[in-house]
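Student: Got a structure for you, written out below as structure tokens; questions coming shortly.
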Amino acid sequence: MTDDDMQPDGGATKEEIFGTGESVERARTPPAERLKRMYDIYVRTPFLVGWSDWRTRIGGLGILFYILMGTIGVLIVPEYQVNEGPNYLSPFEDFSIITGTDYIGRSIGKQVVHGTPAMLKMALAGVVFAVGLGVVVGLIAGYKGGVVDRALMTMADVFIVLPGLPLIIVIVSIFPVRDPFLVGAILAIPRWSGLARQLRSQVLTLREEDYVEAARAMGLGTPTIITQEIMPKLAPFILISASGAATGVIVAAVALYFLGILPFSNDNWGVMMNFARRRGNAIANPGHAGHWMFLPLLALSGMTFALTLFSQGLDRVFNPQLRARHSKTITDDETGGEP
Amino acid sequence: MRYYVQRVFQAIITFVGGLFLTYCLYRLMPGGPVQAIVADIVSRRVRQGRPVDAQEIGAQAERMTGINPEHGILEGFYEYVFNIVVYQDFGRSIGFADPVFDVLFRAMPWSLFISGYGLILGFTATVLIGTLMAWNEGTKTDSGLTVFVLTMNSIPYYVGAIFMLVVLGFEWGVLPTGGRYPQSAEPGFNPEFMIGVAKHGAMPILSTFIIGFAGGSLGMRANTVRIMGSDYLRSARLRGLSTNRILTRYLARNAILPIYTGLVIGISGVFSSGVITEQIFQYPGVGWYMFEGLQLQDYPLIMGGFVFFAGLTVIAILIADLTYGLIDPRAGDAASRESF
């Protein structure tokens, strides 16, 4: 075949002689062309495929809406104040305060808008923490195997056994966290281990694939193989898990604030619901203060609905056959001649 | 046999590992329970204008947390586990003035009742709806059910609980809004008590059911559709086997496999979300006591509840692991992989 046959002692690795092939490719393609191709593969095509699926479209628009509400919305909508209207004003009665007011006449709608940034911060921190740790542990354990695998998986198993909400209750009872980012990270603690296990089992099949074996035979290091050969294959799964982690963290956070387990510090929907229940007696007397509790609940349900729809639709975005139909740079040959 | 021993051993290790982690957390955190209680007592005394005696407060904090500050972490952990294993002694609850074990032991059956029923109902619904969708693949029934399941899954479970409580409990007054059985009923084998238990448990069970509701049915549908197109099923049909036999032996048995693992993961989820469900419905199960413990700064009770939940999760996962071989005989050859 090649030089390999003549150097059975492995005097030089293939990589040193030929490179990985990637550098040659890079040298040939001008940067502008490469940028265009990257844009097409990573931005335009997923967007178009996503847009063609109603679930991703609605879910994506929903998520965008909440992000805008938490960033620009806070700037547009003025801060809520005491005595904007009469106390416990029902919704749709006074059209200047369409959402009604709470026990000291503050607008409910404004409170919901100003509670959004805290929710987004918690979701972001939760995703970064849960997915980051899950990906690192899962990929390394799955690829390396042996002792590393066993050690990392025992660690993950310990966390799987620890029941999620009770663990959070113990942690919160020991040290009360107030910062939304920290709250999100703590709520994500029970989530990373499941993701790590799932990723590991996917890597177990990938590591036996021919192209991974080829990369290994070329002498590429473990970090390179994991990040460049294995991770892209799992990107869809990771993204879908991220959406799931965000949903889980938000749902848990609102529940814990609603029940008063987490100490109040910022405005968010859970705190509003807590006040509605404690002070407005919203559960026993929904005609009186029900709107105070149901509007944040509606906002929360909308957010989780958007996230779930989005992740369901993502499944399709990453389906290669569908992708190729929308892409400009991938030729028909590469898709196996499918029209 | 080796597989079973290994699994049991592994379960014990993870359980002890989890406990140790929590215990360390409990002891090591800056501003952990002992300091928190000391600070609390001091500030209260200063406010009341009473003298502050450091030694006395230290002793009181020790009584309240059950931690002997003179013992190191390993020693303390050994003592804690030793007391649990040998004497079933979890310490003494401060808020309920009873041994923690008694408090939790009384509440345990009620938690199992709620979560168990909810889980079984949810799992049944998952399998039934998933198969129904696959059987009617591509029809209106299929897409209608898909949208319905998606919607149910994406709305947080306690939203349903709160709505039920507001409508059924307070507006219509159909179902009781708190407690485990009516005050007037005598616990025992009599209709008033049993109907009361069913009525009080209805809403918590229903809302637990919604958590697991058809959660895996989209996955079940995908599995079933995939298997329905496979060759061995066609050959079974050609051999003239009855539809019933194909459905149960060939289709369901294989399609359930991935769902079964989901059930295992679901178990711990259902039990730990019991904390929230029980609190919303004021249903005094283990989760409710744990929550009260938090309000009362009753650290032994919180730890006890935690041990309970962790133990339950370990046992559930262990049972699922051990029985997995029964439904999937291929399981258990993980040791044959090489490591890189």
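The values are calculated or read from the model by the stated rules, or taken from the named source; none is laboratory data. This structure is a prediction, so every number in the text was calculated from the model and none was measured. Neighbour counts run over all protein chains shown; Cβ positions are idealised from the backbone, glycine included.
Student: Consider B:Gln279 against the criteria (1) among the polar types (S, T, N, Q); (2) at pLDDT below 75; (3) touching a helix residue (DSSP H, G or I) at 6+ places or on another chain (Cβ under 9 Å): it satisfies all of them except one. Which criterion is unmet?
Tutor: Tallying (1) among the polar types (S, T, N, Q); (2) at pLDDT below 75; (3) touching a helix residue (DSSP H, G or I) at 6+ places or on another chain (Cβ under 9 Å), B:Gln279 fails exactly one: (2).
Student: Could you figure out which of (1) modelled with pLDDT of 75 or more; (2) surrounded by fewer than 17 Cβ atoms within 10 Å (Cβ to Cβ); (3) aromatic (Phe, Trp, Tyr) isn't true of A:Phe18?
Tutor: Of the numbered conditions (1) modelled with pLDDT of 75 or more; (2) surrounded by fewer than 17 Cβ atoms within 10 Å (Cβ to Cβ); (3) aromatic (Phe, Trp, Tyr), the odd one out for A:Phe18 is (1).
Student: Right, here's the next one. Taking the range A:264-292 on its own, how many of its residues are surrounded by fewer than 21 Cβ atoms within 10 Å (Cβ to Cβ) and under 13 Å from A:Met119 (Cβ atoms)?
Tutor: The total comes to 2.
Student: Only one of (1) surrounded by 18 or more Cβ atoms within 10 Å (Cβ to Cβ); (2) closer than 21 Å to A:Val128 by Cβ; (3) at pLDDT 80 or above fails for A:Leu295. Which number is that?
Tutor: All conditions are met except number (2).
Student: Considering only residues that are within 30 Å of B:Leu257 (Cβ to Cβ) and within 7 Å of chain A (Cβ to nearest Cβ), which ones fall in the range B:290-316?
Tutor: B:Phe309, B:Ala310, B:Thr313, B:Val314
Let's see how each residue does on (1) out of contact with any Phe, Trp or Tyr (no Cβ under 9 Å at 6 or more places or on another chain); (2) surrounded by fewer than 18 Cβ atoms within 10 Å (Cβ to Cβ):
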{"residue": "A:Val203", "(1), (2)": "no, no"}
{"residue": "A:Tyr211", "(1), (2)": "yes, yes"}
{"residue": "A:Ala215", "(1), (2)": "yes, no"}
{"residue": "A:Gly219", "(1), (2)": "yes, yes"}
{"residue": "A:Pro223", "(1), (2)": "yes, yes"}
{"residue": "A:Gln228", "(1), (2)": "yes, yes"}
{"residue": "A:Pro232", "(1), (2)": "yes, yes"}
{"residue": "A:Gly244", "(1), (2)": "yes, no"}
{"residue": "A:Gly248", "(1), (2)": "yes, no"}
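Student: Of everything in the range A:269-312, what is of a type in the set (S, T, N, Q) and under 27 Å from A:Ala245 (Cα atoms)? Give them in sequence order.
Tutor: Within the range A:269-312, A:Asn274, A:Ser301, A:Thr304, A:Thr308, A:Ser311, A:Gln312 meet the criteria.
Student: If you scan the range B:86-143, which residues turn out to be of a type in the set (Lys, Arg) and either in contact with a strand residue (DSSP E or B) (Cβ under 7 Å, 6 or more places away or on another chain) or outside any helix (DSSP H, G or I) (or both)?
Tutor: Answer for the range B:86-143, where residues must be of a type in the set (Lys, Arg) and either in contact with a strand residue (DSSP E or B) (Cβ under 7 Å, 6 or more places away or on another chain) or outside any helix (DSSP H, G or I) (or both): just B:Arg92.
Student: Can you pull out every residue in the range A:212-247 that is of a type outside the set (A, V, I, L, M) and farther than 18 Å from A:Val137 by Cβ?
Tutor: A:Glu213, A:Arg216, A:Gly219, A:Gly221, A:Thr224, A:Gln228, A:Glu229, A:Pro232, A:Pro236, A:Ser243, A:Thr247
Student: Taking the options B:Leu165, B:Leu175, name whichever one is touching a helix residue (DSSP H, G or I) at 6+ places or on another chain (Cβ under 7 Å), among the aliphatic types (A, V, I, L, M) and away from chain A (no Cβ under 12 Å).
Tutor: B:Leu175
Student: If A:Phe92 satisfies every condition in (1) within 21 Å of A:Leu297 (Cβ to Cβ); (2) crowded, with 22+ Cβ neighbours inside 10 Å but one, which is the exception?
Tutor: If we test A:Phe92 against (1) within 21 Å of A:Leu297 (Cβ to Cβ); (2) crowded, with 22+ Cβ neighbours inside 10 Å, just (2) comes out false.
Student: Let me ask something else about it. Can you report the number of residues in the range A:190-207 which are of a type in the set (Lys, Arg) and free of Cβ contacts under 8 Å to residues at least 60 places away in the same chain?
Tutor: Final tally of qualifying residues: 1.
Student: Let me spell it out: the conditions are (1) over 19 Å from A:Gly164 (Cβ atoms); (2) at pLDDT 85 or above; (3) not hydrophobic (A, V, I, L, M, F, W, C), and A:Thr304 meets all of them except one. Which number is the exception?
Tutor: Among (1) over 19 Å from A:Gly164 (Cβ atoms); (2) at pLDDT 85 or above; (3) not hydrophobic (A, V, I, L, M, F, W, C), A:Thr304 violates only (1).
Student: Separate question: Looking at the range A:88-103, is at least one residue part of a loop (DSSP other than H, G, I, E, B), in contact (Cβ under 8 Å) with a residue 40 or more places away in the chain and charged (D, E, K, R)? Let's see the steps before the verdict.
Tutor: Taking the range A:88-103 as the starting set, the residues that turn out to be part of a loop (DSSP other than H, G, I, E, B) are A:88-100, A:102-103.
Right, trim to in contact (Cβ under 8 Å) with a residue 40 or more places away in the chain and you get A:88, A:90-91, A:99-100, A:102-103.
After this cut, where a residue has to be charged (D, E, K, R) as well, the list is A:102.
Yes, the range A:88-103 contains at least one residue that is part of a loop (DSSP other than H, G, I, E, B), in contact (Cβ under 8 Å) with a residue 40 or more places away in the chain and charged (D, E, K, R).
Student: Also, quick follow-up: Can you tell me which of (1) more than 21 Å from the chain's Cα centre (by Cα); (2) within 14 Å of another protein chain (Cβ to nearest Cβ); (3) part of a loop (DSSP other than H, G, I, E, B) is the one B:Pro187 doesn't meet?
Tutor: (2)
Student: Residue check: is A:Ala123 within 14 Å of chain B (Cβ to nearest Cβ), farther than 22 Å from A:Val254 by Cβ, small (Gly, Ala, Ser) and crowded, with 18+ Cβ neighbours inside 10 Å?
Tutor: Here the answer is no, as A:Ala123 does not meet what is asked.
Student: Within 30 Å of A:Trp269 (Cβ to Cβ), among the small types (Gly, Ala, Ser), within 25 Å of the chain's Cα centre (by Cα) and at pLDDT below 75, is that true of A:Gly50?
Tutor: yes
Student: OK, next. When you scan the range B:231-254, do you find a residue that is away from chain A (no Cβ under 11 Å), part of a helix (DSSP H, G or I) and buried (at least 22 other Cβ atoms within 10 Å of the Cβ), even just one?
Tutor: Yes; the residues of the range B:231-254 include at least one that is away from chain A (no Cβ under 11 Å), part of a helix (DSSP H, G or I) and buried (at least 22 other Cβ atoms within 10 Å of the Cβ).
Student: Which condition from (1) more than 11 Å from chain B (Cβ to nearest Cβ); (2) farther than 21 Å from B:Phe291 by Cα; (3) basic (Lys, Arg) is the one that A:Arg207 breaks?
Tutor: For A:Arg207, the exception is condition (1).
Student: Can you tell me which residue within the range A:60-85, out of those that are surrounded by 15 or more Cβ atoms within 10 Å (Cβ to Cβ) and farther than 22 Å from A:Ala118 by Cβ, is nearest to the chain's Cα centre (by Cα)?
Tutor: The qualifying residue nearest to the chain's Cα centre (by Cα) is A:Gly60.
Student: If the requirement is being within 13 Å of chain B (Cβ to nearest Cβ) and not in a helix (DSSP H, G or I), which of these qualifies: A:Ala299, A:Ala284?
Tutor: So the residue among A:Ala299, A:Ala284 that is within 13 Å of chain B (Cβ to nearest Cβ) and not in a helix (DSSP H, G or I) is A:Ala284.
Student: Now, a different point. Could you list all residues from the range A:172-202 that are within 11 Å of chain B (Cβ to nearest Cβ), part of a helix (DSSP H, G or I) and over 16 Å from A:Gly132 (Cβ atoms)?
Tutor: Correct list: A:Val172, A:Ser173, A:Ile174, A:Ser201.
Student: Ok, one more. Which count do you get for residues in the range A:128-167 that are within 8 Å of chain B (Cβ to nearest Cβ), in contact (Cβ under 8 Å) with a residue 60 or more places away in the chain and assigned to a helix (DSSP H, G or I)?
Tutor: 4
Student: Taking the residues in the range A:136-151 that are crowded, with 21+ Cβ neighbours inside 10 Å and within 23 Å of the chain's Cα centre (by Cα) as candidates, determine which candidate is farthest from B:Gln6 (Cα to Cα).
Tutor: A:Leu139
Student: From (1) at pLDDT 85 or above; (2) buried (at least 17 other Cβ atoms within 10 Å of the Cβ), pick out the condition that doesn't hold for B:Pro176.
Tutor: (1)
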